[in-house]
Structure formats: structure tokens, C-alpha cells
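The values are calculated or read from the model by the stated rules, or taken from the named source; none is laboratory data. Since the model is a prediction, treat every value here as computed from it, not as a measurement. Please note: Cβ atoms are built from the backbone with ideal geometry, for glycine as well, and neighbour counts cover all protein chains shown. Quick note on the areas: whole protein, heavy atoms, side chains included, nothing else; ligands and nucleic acids left out. Shrake-Rupley method; radii C 1.70, N 1.55, O 1.52, S 1.80 Å.
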Amino acid sequence: MTVSASSRSGPSDEEARRAELADALAAVRARVADAARAAGRDPAEVGLLAVTKTWPASDVALLTDLGLDAFGENKEQEGAAKAAELADLRPDAAPRWHVVGRLQRNKARSLVRWAHAVDSVDSARLVDALESAAARAVDAGERQGPLEVLVQVSVDADPSRGGAPVAEVPGLADRVAGCAHLHLGGVMTVAPQDVTPEEAFATVSDVAARVRATHPRATTLSAGMSGDLEAAVAYGSTCVRVGTALLGRR
């Protein structure tokens, strides 16, 4: 029997990467499911946001093949380029792009053309900039529907890390909810290093409940990453943001 050159050389780089991502995705989903069951929750209540910052659009394309549709980017310029490239690689895919990093107000105008959500809103000035940009984009036919917004909660009130202090979150949520072109999805947090994840997520769980009491549709609590997702799920996270455990280390 004649063996083809492709058979002799083994799987292609793309096939090998697909298999690597599939294994990692299965492991992450198993962790989420185990954490949910341990907390007496339905695993289906916890969504997965793949944080694809610094990774190529080809990886995002493979993740869409594996069934993921939500991706997080830190920087507007990188996210815009990746969204455009993915549209060429997988024209039939329908990804939802989230901005998860700190955002400068002057990036709002370009961001609203491609992003579906901003998960890191932490100031009234940023709320106003996003509302203005989204309104202009809708009027220009550059987007349809509102931009989803999460208010980022800073547990330690460290301004260098981003996020709004706990006391300011309800007011920011009210401001977002009052905007015609923004939709208040809920809250987000990153656990600081100087407190335990359990302490951080317990605090944010209480904040999220206060926001939901006033805005019942703001049901998203985005908390937990590769290293602490189990603790986040135990405290009610509805979305974990996973980069390293899914895509590997650079």
C-alpha cells in the first residue's frame, strides 16, 4: 500500500492545534461543571468567555469550530483587527466580542463598530462616551441594537487596577440603565491579589444582588479566571473568563 506524504508527516499544525484546544476546552468545561455541582448549581448557568488577547484569529476560528461564540479582548485595536480577520476565516460564524480590559474614552467610537459588549466600565465619563458613540453608530448604520455593558467592581478600590469602588457601583449601574443605546448586563470583577478569591467574590456577589434588586435584567456576574474559577462559581458567577487554561501560555 502506498502511504501519502501527508499521512507520513502526521497531523498538520492546524489539526494539532485544534486537538490541543479541544482537550483544553473539555478540561475547562469539566472544571466549571464540577464547581457548579459542588455549589448546588446547574452547570448550564455558567457561561464561558474565551479570553483571546494576544492569540491569533486562527485560534479563535478553531474555537468557533468547537462551539464557542464569546471572546474577550483587552485592546480595541487588536480586537477590531481580529474581528475582521475572523469574519474572513469563518464568514458563517456569529461571535460575540467582549472588551474586558481598561478602556480609554477616545476608543469608544471605533469600538462600537465591532464589539458587542464592554465588560470593564468603571466611570460615569466612560458610560457617557459609550452612549454617545453607540448612538452615532446606530444612526450611521454601523451597528444594530444596544451595546451591552458590565460595571467593573473594584474590591480593593485600587485605581491602578481599574474598576469602580463598591460604593459607586449602584450609581453607575443606574446611569447605564438610563442610556438609550446601552444595556446593563450586570457586573464584573477581577479578584485582587491581596485578598482571597473567596473574600473578593463574596463581596461582588453582594454587589451584584444589590444591582439586580433595582435592575432585574442585570443578571450577569462575570467573575473567575483560569486560577480561581471554582471559587467564583461557588459565589454565583454566571460567566468565567478563561485564557491560559484554554489557550495556553505565551
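Think of a 1.4 Å ball rolled over the protein heavy atoms: the chain then has 48 Å² of accessible area per residue. When its C-alpha radius of gyration is set against 2.2 N^0.38 Å (N residues), the stretch 1-103 gives a value of 1.31.
Charged neighbours of Asp156, selected by a Cβ distance under 11 Å, balance to -2 (K, R count +1; D, E count -1). What the phi angles of the stretch 159-169 give under the Karplus curve with 6.51, -1.76 and 1.60, with θ = phi - 60°, is a coupling list of x, 6, 9, x, x, 9, x, 3, 5, 8, 4 Hz, glycine and proline written as x. Each Lys and Arg adds +1 at its Cβ and each Asp and Glu adds -1 at its Cβ; summed about the Cα centre, the stretch 102-250 shows a dipole of about 660 debye.
The ratio of the alpha-carbon radius of gyration of the chain to the globular-protein estimate 2.2 N^0.38 Å is 1.07. Give, as ranges by residue number, the residues of the stretch 163-183 whose backbone N falls under 17 Å from the point 7 Å along Cα→Cβ of Asp128. In the stretch 163-183, the label zone of Asp128 (backbone N under 17 Å from the point 7 Å along Cα→Cβ) covers 171-182. Length available on full extension from Ala157 to Ala26: 0.36 nm per residue minus the Cα-Cα distance, which gives 43.6 nm. Here the chain has 50 percent of its accessible surface on carbon and sulfur atoms, given a 1.4 Å probe and all protein chains in place. Charged side chains reduced to their Cβ positions (Lys and Arg at +1, Asp and Glu at -1) give the stretch 1-148 a dipole of some 320 debye around its Cα centre. By the compact-protein rule of thumb, 2.2 N^0.38 Å, the alpha-carbon radius of gyration of the stretch 145-202 corresponds to a ratio of 1.21. Of Val100, Ala50, Pro192, which is farthest along the charge dipole of the chain in the positive direction, counting Lys and Arg as +1 and Asp and Glu as -1 at C-beta? The listed residue farthest towards the positive side: Val100.
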